[in-house]
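Q: This is the structure, below, for whatever I ask next.
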Amino acid sequence: MKSMRWLSAIILLASASVFASDAKTYVGIVTDTMCVQDHTAMKVSPNEKCVRECVRDGKTYKYALADGKRLYLLSDQATPARFAGAKVRVTGVLFEKTNILKVDRIEPAS
């Protein structure tokens with residue numbers, strides 16, 4: 001019984017390290033899935049206000065990270081509100097099939 005606990009603990013630690021190694025850092029602007037990076041059509045400024053307005057209902061449009069090449073949907077929809085329209089570093093795991101970036105950490109980028 002004791003050996004089974006150790007085996008379970010080793011498997012758990014090994015699987016956690018595999019998932020942790022997939023985490024990467026992405027740098028971009030916190031935006032919304034409607035406007036992406038061009039907020040002029042909405043005629044709401046500044047950009048951070050437009051981003052918050054677009055995701056207000058939390059159903060139609062979502063917070064995303066735009067890096068100039070791609071748009072990643074962020075799994076965390078609460079924390080990005082503080083960084084709306086700002087350049088950030090997001091550390092997390094990207095699920096390629098769904099283009100969802102599972103957020104581990106968001107911090108301002110210089």
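The values are calculated or read from the model by the stated rules, or taken from the named source; none is laboratory data. A quick note: this is a predicted structure, and the numbers were derived from the prediction, not measured. All Cβ positions, even for glycine, are placed from backbone atoms using ideal geometry, and neighbour counts span all protein chains on display.
Q: Filter the range 42-81 for residues that are touching a strand residue (DSSP E or B) at 6+ places or on another chain (Cβ under 8 Å) and either of a type in the set (Val, Ile, Thr) or without any contact (Cβ under 8 Å) to a residue 12 or more places away in the chain (or both) and give the result.
A: Of everything in the range 42-81, those that are touching a strand residue (DSSP E or B) at 6+ places or on another chain (Cβ under 8 Å) and either of a type in the set (Val, Ile, Thr) or without any contact (Cβ under 8 Å) to a residue 12 or more places away in the chain (or both) turn out to be VAL51, VAL55, THR79.
Q: Separate question: Could you grab me the full set of residues in the range 14-38 that are of a type in the set (Gly, Ala, Ser) and either over 16 Å from the mean Cα position of the chain (by Cα) or modelled with pLDDT under 85 (or both)? Even if it seems obvious, please write down each step before you answer.
A: Of the range 14-38, the ones of a type in the set (Gly, Ala, Ser) are 14-17, 20-21, 23, 28.
Answer for the range 14-38, where residues must be of a type in the set (Gly, Ala, Ser) and either over 16 Å from the mean Cα position of the chain (by Cα) or modelled with pLDDT under 85 (or both): ALA14, SER15, ALA16, SER17, ALA20, SER21.
Q: State all residues of the range 88-105 that are surrounded by 14 or more Cβ atoms within 10 Å (Cβ to Cβ) and either assigned to a loop (DSSP other than H, G, I, E, B) or in contact (Cβ under 8 Å) with a residue 60 or more places away in the chain (or both); if no residue qualifies, say none. Break it down into steps so the answer makes sense when it comes.
A: Here is the first cut: in the range 88-105, the residues surrounded by 14 or more Cβ atoms within 10 Å (Cβ to Cβ) are 88-95, 100-104.
VAL88, ARG89, VAL90, THR91, GLY92, VAL93, LEU94, LEU101, ASP104, listed by residue number.
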